[in-house]
Amino acid sequence: MWYLVILVAFGVSTVNGQINCIPNLVSPNLIGGRTSSTFTLQNPCCIAQDPRVQADSTIVTVVSTSSAITNFVPPIRLSDLPLYSNLNTSGFFAASGGLVRDLCPLNGNLPSVIRIGDNVACMVNGNTLFCNGPLPNDLDYRVIQLVYASNGTLIGATRISPEIILRRPRDYHTIDTSRKGRSASMVVITTILPILFALLLALFTSLLFMKCCCCRVFVPKKCQQES
Ligand SMILES: *[C@@H]1O[C@H](CO)[C@@H](O)[C@H](O)[C@H]1NC(C)=O
């Protein structure tokens, strides 16, 4: 029974070329996992588990804006992948590519992550394949990974990643609200502190007064002994 289910599932995945993996961010808590122009993906080694994928297959990471992903059709030929310079017009580009044997070596030392958007030089010339240029901050992204055989023909594509939102400077609405909250407590503190301070000062002066003046009037002998 299970054997049948697995056979059918594999048949379906072979027919539509889908590789049953989902690209995802490294832990969002990891420092530098997301910046205002880059993000970092988990290693793509789930892909290497697919029986159609070989050590000399190429894994390509395509970055798309969330709105453009529905227009993206994986090119049949590796050489037809969209370039960084296409990002403005089409909304997607092939950011990085590497051999399965390099990205997921069998001997254990996994290069654990794929960093997207860290090549500033692509802003000057984004017309080379896999130019991994910085991502505009005001858009949301999704990622799909494609696998090509050594002869450059498409083997399949992963599922589409969840939406990826880059770090943004806090919009001023948020800052305004939080400053209002803070200034309320600041008002309380700035009101109470001087009052406390004045009370302390009054206490101190009256103590001083009692020490030097009242002493002289009421118990002159004791004060003279002390000083
Ligand atoms: C390329 O290689 C794949 C897998 O090895 C094979 O299925 C396909 O027929 C080849 N295509 C060409 C054009 O040689």
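Nothing charged except the Cβ atoms of Lys and Arg (+1) and of Asp and Glu (-1): what's the magnitude of the dipole of the range 48-168 about its Cα centre? Round to the nearest 20 debye.
Details: 8 positive and 8 negative charges, 19 e Å.
For this selection, approximately 100 debye.
Net charge within 11 Å of Ala68 by Cβ-Cβ distance, Lys/Arg positive one each and Asp/Glu negative one each, not counting Ala68 itself?
Details: positive: Arg142; negative: Asp140.
Every neighbour counted, the sum reads 0.
Under 5 Å between amide H atoms, partner at least 5 residues away or on a different chain: which partners does Ile155 have, H built in plane at 1.01 Å?
Val147, Tyr148, Ala149
May I ask you to evaluate 6.51 cos²θ - 1.76 cosθ + 1.60, the Karplus curve with θ = phi - 60°, for each residue of the range 54-61 and list the ³J(HN,Hα) values in order in whole Hz, giving x for glycine and proline?
3J(HN,Hα) across the range 54-61, in whole Hz: 10, 4, 9, 6, 9, 9, 10, 9.
Every read-out reported here was derived from the displayed coordinates using simple, explicitly stated rules and does not represent laboratory data. Computed from a predicted model, the values in this text were never measured in an experiment. We place every Cβ from the backbone using ideal geometry, glycine too, and count neighbours over all the protein chains shown.
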